[in-house]
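Notes for the one structure printed next.
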Amino acid sequence: MSKVLLLTGTRESAAEILPSLSLLDHVVTVAAASADPMLARASIRSRQAGSAAPDVLLVDARHHLVRAKELAGQLTGANLPVLAVISEGAWAAITPEWGVDDVVLHTAGPGEVEARIRLAIGRAAAGPVIAQSAEVRSGELVIDETTYSAKISGVPLDLTFKEFELLKFLAQHPKRVFTRSQLLQEVWGYDYFGGTRTVDVHVRRLRAKLGSENEALIGTVRNVGYKFVPAKSESRQKAPATQPDGQHANTAGEQEQGQADGRKPAAKAGRQAGEGGTR
């Protein structure tokens, strides 16, 4: 059961404005819709501070669309979901500028009204949706969904549409293994009637275009399918750091070998000198 605050510029009851509300198990409060934004927000805050704080706001927009639009815009700071109750002829006037979370016809049935209220409250409780980045990066690979392009070390890859879609889909699910049938459904669609061999051909072409240094980004799981293997950028950066140690070890080994070799001629020279003195 939710608490509904209905704002209207008329003296009608909630049952007259949205008849289905009287058939639902909600606590409905009707309040005057003020054209003054300060008064409108103050009215809502006073109810939020009390025990009957509303869960959702309904704005009566059946008759005076301009006033209803202004009121809806003023309620954006209320941190509550806002639904506009409209008439059949108001559909053309509803635009994103209204700032409402949803609209409902005043003749809507109880099932529809209940669903719209429930969804609006649920979305508000879940918080704002964080938009995903349009770019997918892995090491030197950059995939841009907005431009349908992919680059390796800044160099564009000449990919077909399906090659791009396949690479993007795998990169968006790193380390997850997909069967060939799953890839056909996700990339080519359920209405594609080709065989799974199509996936193998596209993977082979993708690896060739990625080059020998990056073809391992698309890994094969034997007898299962394929997966995207994220680039190990950190290990690549640390690898050169081990080279001086290796060189040092080799140099030390060469010095030891040189010292051993140097001692042998010295000892031999000493023996030869002793033999010369005896003679």
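Some observations on this one:
- Total residues in the range 192-219, condition out of contact with any Leu (no Cβ under 9 Å at 6 or more places or on another chain), of a type outside the set (A, V, I, L, M, F, W, C) and open to solvent by 80 Å² or more (accessible area, probe 1.4 Å): 4
- Flag for residue 92 being within 26 Å of the chain's Cα centre (by Cα) and either within 30 Å of residue 59 (Cα to Cα) or open to solvent by 50 Å² or more (accessible area, probe 1.4 Å) (or both): no
- Given (1) more than 21 Å from residue 125 (Cβ to Cβ); (2) part of a loop (DSSP other than H, G, I, E, B); (3) open to solvent by less than 70 Å² (accessible area, probe 1.4 Å); (4) modelled with pLDDT under 90, index of the condition residue 71 fails: (2)
- Among (1) at pLDDT 90 or above; (2) part of a loop (DSSP other than H, G, I, E, B) - the single one residue 131 does not satisfy: (1)
- Subset of the range 1-16 [acidic (Asp, Glu) and assigned to a loop (DSSP other than H, G, I, E, B)]: 12
- Look at the range 8-35: where a residue is touching a residue at least 12 places away in the same chain (Cβ under 8 Å) and a partner is of a type in the set (Lys, Arg) and in a helix (DSSP H, G or I), sitting 6+ places away or on another chain with Cβ atoms under 8 Å, you get 9/67; 29/47; 31/47; 33/67; 35/67.
- Positions within the range 103-128 being among the charged types (D, E, K, R) and more than 21 Å from residue 16 (Cβ to Cβ), in sequence order: 118, 123
- Qualifying residue in the range 166-182 (condition: open to solvent by 80 Å² or more (accessible area, probe 1.4 Å), assigned to a loop (DSSP other than H, G, I, E, B), without any contact (Cβ under 8 Å) to a residue 60 or more places away in the chain and more than 30 Å from residue 2 (Cα to Cα)): yes
- Any hit, the range 225-236, residues being farther than 21 Å from residue 135 by Cβ, part of a loop (DSSP other than H, G, I, E, B) and open to solvent by 70 Å² or more (accessible area, probe 1.4 Å): no
- When each of 150, 120 is tested for being in a helix (DSSP H, G or I) and at pLDDT 90 or above, the lone residue that passes is 120.
- Residue match in the range 120-136 (condition: over 30 Å from residue 89 (Cβ atoms) and either surrounded by 14 or more Cβ atoms within 10 Å (Cβ to Cβ) or of a type in the set (Lys, Arg) (or both)): yes
The values are calculated or read from the model by the stated rules, or taken from the named source; none is laboratory data. In this text the structure is predicted, and so the values were computed from the model without any measurement. FYI the Cβ positions are ideal-geometry reconstructions off the backbone, even for glycines, and counts take in every protein chain you see. When the accessible area is computed, the model is the full protein with side chains, heavy atoms only, and any ligands, DNA or RNA have been set aside. Shrake-Rupley method; radii C 1.70, N 1.55, O 1.52, S 1.80 Å.
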